[in-house]
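Enquirer: The structure's right below; bear with me while I get my questions together.
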Amino acid sequence: MFATIARVFIYGLIGLVGLPVVTMLLALTLGYLLDPRCGTPGDSGGCEMGAATVAIASALPGLAIGVALAVFQSLRRRQRHD
């Protein structure tokens, strides 16, 4: 039982930190590729702030995905052993 709780905590933490990093990098990459005004001198930083907003908004879904993945794996492991 302790191993399952630890795994849920670790996967949740990975999702909480990992998904925002991935979404921010993806948003920045797409922003710079699709909008030629991003990153130019005189830019107000709107592209970067948009990427930061997407990253912050994806933190809780990342936590939920990590926890759900760990719970799903735990349930599958219990079904195999029964």
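The values are calculated or read from the model by the stated rules, or taken from the named source; none is laboratory data. None of the values given here were measured: they were computed from a predicted structure. In this analysis, Cβ positions are derived from the backbone assuming ideal geometry, glycine residues included, and neighbour counts consider all displayed protein chains. Just the protein is used for accessible areas: all its heavy atoms, side chains included, with ligands, DNA and RNA removed. Shrake-Rupley method; radii C 1.70, N 1.55, O 1.52, S 1.80 Å.
Enquirer: Consider Leu69 carefully, then state whether it is modelled with pLDDT of 90 or more, buried (at least 17 other Cβ atoms within 10 Å of the Cβ) and assigned to a helix (DSSP H, G or I).
Expert: Answer is no for this residue.
Enquirer: Can I ask one more? Go through (1) within 13 Å of the chain's Cα centre (by Cα); (2) touching a residue at least 40 places away in the same chain (Cβ under 8 Å) one by one and return the number of the condition Ala70 breaks.
Expert: For Ala70, the failing item is (1).
Enquirer: Going through Gly31, Gly42 one at a time, which residue ends up being farther than 15 Å from Leu13 by Cβ, open to solvent by 80 Å² or more (accessible area, probe 1.4 Å) and either in contact with a helix residue (DSSP H, G or I) (Cβ under 8 Å, 6 or more places away or on another chain) or modelled with pLDDT under 85 (or both)?
Expert: Result of the check over Gly31, Gly42: Gly42.
Enquirer: Could you look through the stretch 1-12, keep only residues that are aliphatic (A, V, I, L, M) and out of contact with any helix residue (DSSP H, G or I) (no Cβ under 7 Å at 6 or more places or on another chain), and pick out the one that is least open to solvent (accessible area, probe 1.4 Å)?
Expert: Ala6
Enquirer: If you don't mind, another one. What single numbered condition from (1) open to solvent by less than 60 Å² (accessible area, probe 1.4 Å); (2) under 17 Å from the mean Cα position of the chain (by Cα) fails to hold for Leu26?
Expert: (1)
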